[in-house]
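First up is the structure itself, then whatever we jot down about it.
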Amino acid sequence: MPPALDDGCVLITGASSGIGEALARQLAGRARRLVLVARREERLRALAEELRRERSGLEVEVRRCDLSDRGARERLLDALEGGPGIDVLINNAGFGDQSLFERARWDKLERMVALNVTALTHLCHRLVPPMVAQGRGGVLNLSSGFGLSWLPGLAVYIGTKHYVTGFTESLRAELATTGVVVTQVCPGPVITEFHDAAENTTGQRPPRFVAISAQQCAAEAIAGFERDRAIVVPGFYIRNLLRLHAVTPRWLWRRIATALARPMRAAGSA
Ligand SMILES: NC(=O)c1ccc[n+]([C@@H]2O[C@H](COP(=O)([O-])OP(=O)(O)OC[C@H]3O[C@@H](n4cnc5c(N)ncnc54)[C@H](OP(=O)(O)O)[C@@H]3O)[C@@H](O)[C@H]2O)c1
């Protein structure tokens, strides 16, 4: 059954930049109501005003929330319960940290797990039951190509995305007969503010040709969601690299990952 994007109410976390903002712009022409969530309220308000101006009849609600904070999440979810109901939940907010594990700051890692894992799960736990009761709805979770693979230099981020991938696959199986569509998006590098937030200290960067725009990522995510795809990997190069990775023996990938870790350690101790 197609997800309720047209004329529905869509909640997007992390709509103040990057992929979330692109999703909001692309869904504005279709949804009846958007609920935009992030911490930078000014950005959300500016986006909401622009979308309302462009799409007459579109309702846009802005909710400032630090989703890594349990109390703030509870208040958001309580407030949403009194509203018109969420038809589609897009769990997009997330960030990474690109450094060797023992050199990363604990407070940042803790916030990352709280956002990428706990908040995503908490929002599903509160917003999925009404969808099941109605027999329609959708969940679109932003995982990563790193939900399907691994490399050194992003251990905790990769751990959070493996969680998102496993959780989303299992949730999809559980909801298969309920009318609720569950899809995950597993992008490779996307040109957004993600890379600033990740504070890369590894000295390594992905090759430029694999990077795609937030607009392309959002468009492929929406198209895959509408086709009820389990996993969407946007971008030609990453899609095929991940196909190659899937048939690469684990022992061989471990050797590649170990070889990539050596210069990271050397870079930090120089
Ligand atoms: N860019 C990539 O290369 C890439 C690749 C694979 C997967 N992804 C995934 O795609 C998703 C979106 O990332 P992006 O690339 O669009 O990065 P981005 O431009 O940095 O956007 C991240 C969004 O998350 C929000 N956010 C961060 N911390 C938050 C918090 N504590 N509470 C509420 N919102 C918070 C940010 O808003 P505020 O700062 O205003 O709160 C922002 O809107 C993430 O889950 C990321 O892991 C990205």
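The values are calculated or read from the model by the stated rules, or taken from the named source; none is laboratory data. Fair warning: this is a prediction, and the values are worked out from it, not measured in the lab. All Cβ positions, glycine included, derive from the backbone under ideal geometry; neighbour counts span all protein chains shown.
Values as computed for the structure displayed
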{"item": "Residues of the stretch 56-69 satisfying the condition of being surrounded by fewer than 17 Cβ atoms within 10 Å (Cβ to Cβ) and over 19 Å from the mean Cα position of the chain (by Cα)", "result": "Ser56, Gly57, Glu59"}
{"item": "Test: Ala72 is free of Cβ contacts under 8 Å to residues at least 12 places away in the same chain and assigned to a helix (DSSP H, G or I)", "result": "yes"}
{"item": "Some residue of the stretch 196-204 being within 29 Å of Val139 (Cβ to Cβ), among the hydroxyl-bearing types (Ser, Thr, Tyr), assigned to a loop (DSSP other than H, G, I, E, B) and touching a Gly at 6+ places or on another chain (Cβ under 6 Å)", "result": "no"}
{"item": "Residue in the stretch 124-137 that is buried (at least 23 other Cβ atoms within 10 Å of the Cβ) and away from the ligand (no atom under 15 Å from the Cβ) present", "result": "yes"}
{"item": "Residue within the stretch 219-232 that is within 13 Å of the ligand (Cβ to nearest atom) and in a helix (DSSP H, G or I) present", "result": "yes"}
{"item": "Hey, Arg243 in a helix (DSSP H, G or I) and more than 30 Å from Val128 (Cα to Cα) or not", "result": "yes"}
{"item": "Scope the stretch 160-195; condition more than 21 Å from Phe225 (Cα to Cα) and either out of contact with any helix residue (DSSP H, G or I) (no Cβ under 9 Å at 6 or more places or on another chain) or in contact (Cβ under 8 Å) with a residue 24 or more places away in the chain (or both); matching residues", "result": "Thr160, Thr192, Glu193, Phe194, His195"}
{"item": "Residue match in the stretch 214-227 (condition: more than 30 Å from Ala104 (Cα to Cα), β-branched (Val, Ile, Thr) and touching a residue at least 12 places away in the same chain (Cβ under 8 Å))", "result": "yes"}
{"item": "Residue check, Gly14 surrounded by 16 or more Cβ atoms within 10 Å (Cβ to Cβ), in contact with a helix residue (DSSP H, G or I) (Cβ under 6 Å, 6 or more places away or on another chain), under 24 Å from Arg229 (Cβ atoms) and among the small types (Gly, Ala, Ser)", "result": "yes"}
{"item": "Exclusive hit being closer than 15 Å to Gly94 by Cα, assigned to a helix (DSSP H, G or I) and either over 12 Å from the mean Cα position of the chain (by Cα) or modelled with pLDDT under 95 (or both), set Ala119, Ala173, Ala114", "result": "Ala114"}
{"item": "Which listed residue is buried (at least 17 other Cβ atoms within 10 Å of the Cβ), within 20 Å of Ser16 (Cβ to Cβ) and without any contact (Cβ under 8 Å) to a residue 60 or more places away in the chain, from Ala114, Ala119, Ala104", "result": "Ala114"}
{"item": "Qualifying residue in the stretch 26-33 (condition: closer than 18 Å to Leu76 by Cβ, buried (at least 24 other Cβ atoms within 10 Å of the Cβ) and either at pLDDT 95 or above or among the basic types (Lys, Arg) (or both))", "result": "no"}
{"item": "Residues of the stretch 235-252 that turn out to be closer than 27 Å to Leu100 by Cα and either within 16 Å of the ligand (Cβ to nearest atom) or touching a residue at least 40 places away in the same chain (Cβ under 8 Å) (or both), as a count", "result": "7"}
{"item": "Top-ranked residue of the stretch 12-41 - restricted to ones that are within 9 Å of the ligand (Cβ to nearest atom) and charged (D, E, K, R), ranked as farthest from Asn92 (Cα to Cα)", "result": "Glu41"}
